[in-house]
Amino acid sequence: MSNYCANDLAKYIIWQHKKAEKEITNLRLQKLLYYVQGYFLKKFDIPAFDEEIFRWAYGPVVVDVYYEYCSNGAGPLFPPARNEVERIERLISPQDIHLLSKILKATHDFSVGTLVNKTHSETPWIEAEDRGLITVESIKNYFTQNNPLHIF
């Protein structure tokens, strides 16, 4: 069982980008959710969220979250309402916020293209079939043996 709902983590990530005055698109969000999942598995040995991640043309995708924001196309995502942010911030433990902050800091200066290329070079994406499931097991195995964002 996981700690969170992927949509709650997505809203948190979008809010953090807004606070940092950095634009975030659905494409960027998807790559960040993949790294969140990987680092939660590496550090805590449990997934950050239960929603599945799939191999799509531009990298890993959490389908539920993708469809939540797909109406924005390639445009920037808008932050959730303040009361929604406060609800989510109460849900996320301080140690998890610390890990999320490390991931966001490590990826802050990466372009979306860099994130796409990076995920395409990693074993979980390479080994999954086109539009197929990227398994939690493959993500865990990869992140246990690797530190792709160099945050530890």
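Just how much of His108 is accessible, in Å², when a 1.4 Å probe is used and the result is rounded to the nearest 10?
Here the residue's solvent-accessible area equals roughly 70 Å².
Averaging the inverse of every distinct alpha carbon separation and then flipping it gives the Kirkwood radius. What is it for region 38-152, in angstrom units? Spell out each step's value before the answer.
Working: mean 1/r = 0.0642 Å⁻¹.
After inverting the mean inverse Cα-Cα distance, the result is 15.6 Å.
On the full set of protein chains, 1.4 Å probe, figure out the accessible area of Trp125 and give it in Å² to the nearest 10.
It works out to around 30 Å².
Can you give the FRET efficiency for Lys105 and Ala57, using 1/(1 + (r/R0)^6), R0 = 22 Å, r = Cβ-Cβ distance, to the nearest 0.05?
Working: r = 28 Å, r/R0 = 1.26.
After rounding to 0.05, the efficiency reads 0.20.
Order Asp8, Asp45 by their accessible area, 1.4 angstrom probe, all chains in place, largest first.
Values: Asp8 25, Asp45 90 Å².
Listed by decreasing accessible area, they come as Asp45, Asp8.
Please state the shape class of region 1-95: rounded when a/c is under 1.5, otherwise prolate if a/b exceeds b/c and oblate if not, all from the C-alpha gyration tensor.
oblate
If I compute solvent accessible area with a 1.4 Å probe over the protein chains, what percent of it on the chain is carbon and sulfur?
Details: 3890 of 7710 Å².
Carbon and sulfur atoms account for 51 percent of the accessible area of the chain.
Kindly report, to the nearest 10 Å², the accessible surface of Ser138 as traced by a 1.4 Å probe over protein heavy atoms only.
Surface accessible to solvent at Ser138 totals approximately 20 Å².
Given the C-alpha centroids of region 33-68 and region 73-120, what is the distance between them in whole angstrom?
Measuring centre to centre over Cα atoms gives 12 Å.
Take the chain, mark every one of the trypsin sites (Lys or Arg not before Pro) that falls in a DSSP loop and has at most 15 other Cβ within 10 Å, then report the longest stretch left between them, sites excluded. Can you show the working numbers first?
Values: sites that count: Lys22, Arg131.
Here the longest segment lacking exposed loop sites spans 23-130.
Hey, can you grab everything whose amide H is under 5 Å from the amide H of Gly59? Only 5+ residues off in sequence or another chain; H modelled, so Pro and N-termini drop out.
Distant-sequence amide H within range of Gly59: zero hits.
Helix-derived [θ] at 222 nm for the chain: sum -39500 (n - 2.57) over DSSP H runs of at least 4, divide by residue count, nearest 500?
Only helices count here, giving -17500 deg cm²/dmol.
What does the charge count near Tyr34 come to, summing +1 for each Lys or Arg and -1 for each Asp or Glu among other residues with Cβ under 12 Å from its Cβ? Provide the component values of the computation, followed by the final result.
Numbers: positive: Arg28, Lys31, Arg55, Lys118; negative: Glu51, Glu52, Glu122.
Neighbourhood net charge equals +1.
The values are calculated or read from the model by the stated rules, or taken from the named source; none is laboratory data. Since the structure is predicted, the reported quantities are computational estimates derived from the model, not experimental observations. Note that each Cβ is placed from the backbone with ideal geometry, even for glycine, and that neighbours are counted across all protein chains shown. Heads up: the accessible areas ignore ligands, DNA and RNA and are worked out on the full protein's heavy atoms, side chains in. Shrake-Rupley method; radii C 1.70, N 1.55, O 1.52, S 1.80 Å.
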